[in-house]
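Heads up, the thing below is written out as structure tokens.
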Amino acid sequence: MENPTELRYTSTHEWVRRESDGTLTVGITFHAQDALGELVYVELPDAGRKLKQGEACVVVESTKAASDVYAPVDGEVTAANAALADAPETVNAEPFGAGWLFRMRPADPSQLDALLDAASYTAGPGSE
């Protein structure tokens, strides 16, 4: 699966989409969900939680392992994808769509500019 070019990426396999209202939608990449295998549980952050860039804020559990998901930038969680409580496998089926994890309001939107573009992610961390 191609990494969408309109997204930004982290070296720890999160993707970030800037929404029209200035918030960010965050998920894990196809590469990450593929490496984890079938997800069976997702623990999401509560709205209002303040995050620091690089802070573990989500736990995804698969049939193989549990793994942390990290905040791509500083900010505050505005929403979590509640549908994943009943259907964590959505992250596997649609990692760049309905399988998003949480939304956040960035404290410093310029931090997004330092994240990887699709080509850099695909050539680097996304190729492992």
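Descriptive notes on the structure:
- Scan of segment 119-128 for residues that are within 21 Å of Asp74 (Cβ to Cβ) and in a loop (DSSP other than H, G, I, E, B), ordered by number: none
- Screening Val73 on (1) in a loop (DSSP other than H, G, I, E, B); (2) out of contact with any Leu (no Cβ under 9 Å at 6 or more places or on another chain); (3) over 18 Å from Glu2 (Cβ atoms) shows it passes everything except condition (2).
- Residue count, segment 98-118 (criterion: touching a Lys or Arg at 6+ places or on another chain (Cβ under 7 Å), aliphatic (A, V, I, L, M) and not in a strand (DSSP E or B)): 2
- Filter pass, Glu38 being touching a helix residue (DSSP H, G or I) at 6+ places or on another chain (Cβ under 8 Å) and of a type in the set (Asp, Glu): yes
- Considering residues of segment 40-65 that are over 15 Å from the mean Cα position of the chain (by Cα) and of a type in the set (Gly, Ala, Ser) only, the residue surrounded by the most Cβ atoms within 10 Å (Cβ to Cβ): Ser62
- Of all residues making up segment 29-69, the number that are part of a helix (DSSP H, G or I) and of a type in the set (D, E, K, R): 1
- Residue match in segment 77-92 (condition: surrounded by 18 or more Cβ atoms within 10 Å (Cβ to Cβ) and on the phi > 0 side of the Ramachandran plot): no
- Pro125, sole failed condition from (1) surrounded by fewer than 17 Cβ atoms within 10 Å (Cβ to Cβ); (2) modelled with pLDDT under 95; (3) touching a strand residue (DSSP E or B) at 6+ places or on another chain (Cβ under 8 Å): (1)
- Each residue in segment 76-97 was checked for being assigned to a helix (DSSP H, G or I) and of a type outside the set (Gly, Ala, Ser), and 4 pass.
- Residue count, segment 81-103 (criterion: among the hydrophobic types (A, V, I, L, M, F, W, C) and under 11 Å from the mean Cα position of the chain (by Cα)): 5
- Count of segment 8-54 residues which are hydrophobic (A, V, I, L, M, F, W, C) and closer than 20 Å to Ala107 by Cβ: 7
- Residue within segment 35-47 that is farther than 22 Å from Ser127 by Cα, small (Gly, Ala, Ser) and modelled with pLDDT of 95 or more present: yes
- For segment 15-28, a residue qualifies if it is part of a loop (DSSP other than H, G, I, E, B) and either within 13 Å of Pro72 (Cα to Cα) or β-branched (Val, Ile, Thr) (or both), and exactly one does: Thr23.
The values are calculated or read from the model by the stated rules, or taken from the named source; none is laboratory data. Bear in mind that the values here come from a model prediction, so they are computed numbers and not experimental data. Cβ coordinates were reconstructed from backbone atoms using ideal geometry, including for glycine residues, and neighbour counts include every protein chain displayed.
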